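Q: Submitted below is the structure of interest, expressed as structure tokens.
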């Protein structure tokens, strides 16, 4: 029970990070948005650089829990959006491929998450 509550708190914290980062992107405060997303990776216990190095299965094993995996998919998707706004479409595409691969590791994919990922892919 305690572990489940802890994971749900992490997921909520990541959702708040994403919301703040997206607001900062809208305000064109891109460095602040980048720092905010970096804190989201730290909240999940995920090294941002591992996203580009580990394959989806490895990332999923590292994250362990399905809710943490879904939160990471959202975080990586929004990180890709930031990279696109910063004018780095290649990095954005690489992040989206990682997010898509991680999404496919979910035992029960969610429609809302699929929509978010699809919308970001369409932006490229």
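Q: Hey, among 60, 35, which residue is closer than 24 Å to residue 112 by Cα and either in contact with a helix residue (DSSP H, G or I) (Cβ under 7 Å, 6 or more places away or on another chain) or surrounded by fewer than 17 Cβ atoms within 10 Å (Cβ to Cβ) (or both)? Don't jump to the end; show me each part of the working.
A: Working: 35 fails: closer than 24 Å to residue 112 by Cα.
Step by step, each of 60, 35 is checked, and only 60 is closer than 24 Å to residue 112 by Cα and either in contact with a helix residue (DSSP H, G or I) (Cβ under 7 Å, 6 or more places away or on another chain) or surrounded by fewer than 17 Cβ atoms within 10 Å (Cβ to Cβ) (or both).
Q: Do we have residue 18 as more than 14 Å from the chain's Cα centre (by Cα) and within 16 Å of residue 82 (Cβ to Cβ) here? Please lay out each step first, then the result.
A: Values: more than 14 Å from the chain's Cα centre (by Cα): no; within 16 Å of residue 82 (Cβ to Cβ): yes.
When the stated conditions are applied, residue 18 does not pass them.
Okay, residues lined up against (1) touching a residue at least 40 places away in the same chain (Cβ under 8 Å); (2) buried (at least 16 other Cβ atoms within 10 Å of the Cβ):
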{"site": "11", "(1), (2)": "yes, yes"}
{"site": "16", "(1), (2)": "no, no"}
{"site": "21", "(1), (2)": "yes, yes"}
{"site": "26", "(1), (2)": "no, no"}
{"site": "31", "(1), (2)": "no, no"}
{"site": "40", "(1), (2)": "no, yes"}
{"site": "44", "(1), (2)": "no, yes"}
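Q: When residue 41 is evaluated against the numbered criteria (1) part of a helix (DSSP H, G or I); (2) under 13 Å from the mean Cα position of the chain (by Cα); (3) at pLDDT below 95, which criterion, by number, is the only one it fails?
A: Of everything listed in (1) part of a helix (DSSP H, G or I); (2) under 13 Å from the mean Cα position of the chain (by Cα); (3) at pLDDT below 95, residue 41 misses just condition (3).
Q: Going residue by residue through region 77-89, is there one that turns out to be farther than 18 Å from residue 123 by Cα, surrounded by fewer than 16 Cβ atoms within 10 Å (Cβ to Cβ) and either touching a residue at least 12 places away in the same chain (Cβ under 8 Å) or out of contact with any helix residue (DSSP H, G or I) (no Cβ under 8 Å at 6 or more places or on another chain) (or both)? Let's see the steps before the verdict.
A: Initial filter on region 77-89 (farther than 18 Å from residue 123 by Cα): none.
So far as region 77-89 goes, no, none of its residues is farther than 18 Å from residue 123 by Cα, surrounded by fewer than 16 Cβ atoms within 10 Å (Cβ to Cβ) and either touching a residue at least 12 places away in the same chain (Cβ under 8 Å) or out of contact with any helix residue (DSSP H, G or I) (no Cβ under 8 Å at 6 or more places or on another chain) (or both).
Q: Mind checking which residues of region 101-116 are touching a residue at least 24 places away in the same chain (Cβ under 8 Å), surrounded by fewer than 22 Cβ atoms within 10 Å (Cβ to Cβ) and over 17 Å from residue 25 (Cβ atoms)? Steps first, answer last, please.
A: Here is the first cut: in region 101-116, the residues touching a residue at least 24 places away in the same chain (Cβ under 8 Å) are 101-108, 110, 113, 116.
With surrounded by fewer than 22 Cβ atoms within 10 Å (Cβ to Cβ) added as a condition, the list becomes 101, 104-108, 110, 113, 116.
Within region 101-116, 101, 104, 105, 106, 107, 108, 110, 113 qualify.
Q: Please tell me if residue 48 is more than 21 Å from residue 112 (Cα to Cα) and surrounded by 13 or more Cβ atoms within 10 Å (Cβ to Cβ). Outline the logic, then answer.
A: On the way: more than 21 Å from residue 112 (Cα to Cα): yes; surrounded by 13 or more Cβ atoms within 10 Å (Cβ to Cβ): yes.
Taking the combined requirement at face value, the residue satisfies it.
The values are calculated or read from the model by the stated rules, or taken from the named source; none is laboratory data. In this text, all values refer to a predicted model and were calculated from it rather than measured experimentally. Every residue, glycine among them, receives a Cβ derived from its backbone with ideal geometry; neighbour counts consider all protein chains shown.
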